[in-house]
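Scroll down for the structure; my scribbles are underneath it.
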């Protein structure tokens with residue numbers, strides 16, 4: 001057994017030399033995505049999304065992922081993205097790298113299962129601290145010792161900073177989870193993560209976060225990406241209550257209707 005491809009985009013204009021292209025991998029429990037793109041020229045060569053066909057142990061999943069992504073050799077580095085549930089944002093002036101393990105103990109009852117990873121979000125003047133599962137962390141490094149690890153929440157904050165509007169909110173849907181963040185200008189107001197089972201649950205959490213954060217959401221610009229489509233019940237149901245809701249744009253011109261699903265995979269530093 002192996003993996004099942006659920007989405008595949010291959011650019012007909014594929015360069016012979018992929019030395020400037022980055023390989024970007026998003027991993028979650030049920031599957032993974034791979035993107036091959038050139039950040040400088042905003043050229044996307046390939047995107048594939050795979051689901052595991054069985055409930056493999058972690059090392060089995062890593063073996064299948066390695067077989068798949070090993071077919072595409074690039075020269076521009078490798079990024080690995082994971083949506084880590086234990087996470088917090090700490091103002092830059094208060095963050096002390098020596099206290100990472102102490103911070104992690106405040107985020108979870110099982111800190112021994114995680115490795116703390118900090119990421120500086122310059123746009124909001126803070127560090128995003130997330131807990132990476134230790135087994136996953138070591139499996140990743142055994143595959144790619146020079147990999148750049150990035151958390152989904154870090155990328156969500158970066159995408160939030162790039163969107164239009166003063167008061168704004170960005171959500172990302174992935175594997176039955178809603179990750180959400182809000183800002184007022186250059187001030188980050190908060191983030192949260194919710195597990196949901198249906199559109200009613202989704203709207204409850206989305207609306208609750210919006211109203212608790214902003215009070216009135218009337219002048220708030222709202223964006224959403226990930227596993228949600230324009231004609232899906234989640235999107236249409238939520239847009240009834242929040243007309244300003246829009247799909248995220250990756251900023252990379254390729255398949256227009258798919259940009260919101262892979263905006264984190266195609267993220268590029270400015």
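The values are calculated or read from the model by the stated rules, or taken from the named source; none is laboratory data. What you are looking at is a predicted structure, and each value in this text was computed from that prediction instead of being measured. In this analysis, Cβ positions are derived from the backbone assuming ideal geometry, glycine residues included, and neighbour counts consider all displayed protein chains.
Couple of notes before you dig in:
- Test: residue 91 is in contact with a helix residue (DSSP H, G or I) (Cβ under 6 Å, 6 or more places away or on another chain), modelled with pLDDT of 95 or more and outside the structural domain of residue 29 (by TED's automatic domain parsing): no
- Residue check for residue 234: in a helix (DSSP H, G or I) and either in the same structural domain as residue 197 (by TED's automatic domain parsing) or modelled with pLDDT of 90 or more (or both): yes
Each row is one residue, and each column tells you yes or no for (1) within 17 Å of the chain's Cα centre (by Cα); (2) closer than 20 Å to residue 30 by Cβ; (3) surrounded by 15 or more Cβ atoms within 10 Å (Cβ to Cβ).
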{"site": "166", "(1), (2), (3)": "no, no, no"}
{"site": "188", "(1), (2), (3)": "no, no, yes"}
{"site": "193", "(1), (2), (3)": "yes, yes, yes"}
{"site": "200", "(1), (2), (3)": "no, no, no"}
{"site": "203", "(1), (2), (3)": "no, no, yes"}
{"site": "223", "(1), (2), (3)": "yes, no, yes"}
{"site": "233", "(1), (2), (3)": "no, no, no"}
{"site": "238", "(1), (2), (3)": "no, no, yes"}
{"site": "245", "(1), (2), (3)": "no, no, yes"}
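- Out of 194, 172, sole residue that is without any contact (Cβ under 8 Å) to a residue 24 or more places away in the chain and in a strand (DSSP E or B): 194
- Odd one out for residue 192 among (1) within 18 Å of residue 263 (Cβ to Cβ); (2) in the same structural domain as residue 224 (by TED's automatic domain parsing): (1)
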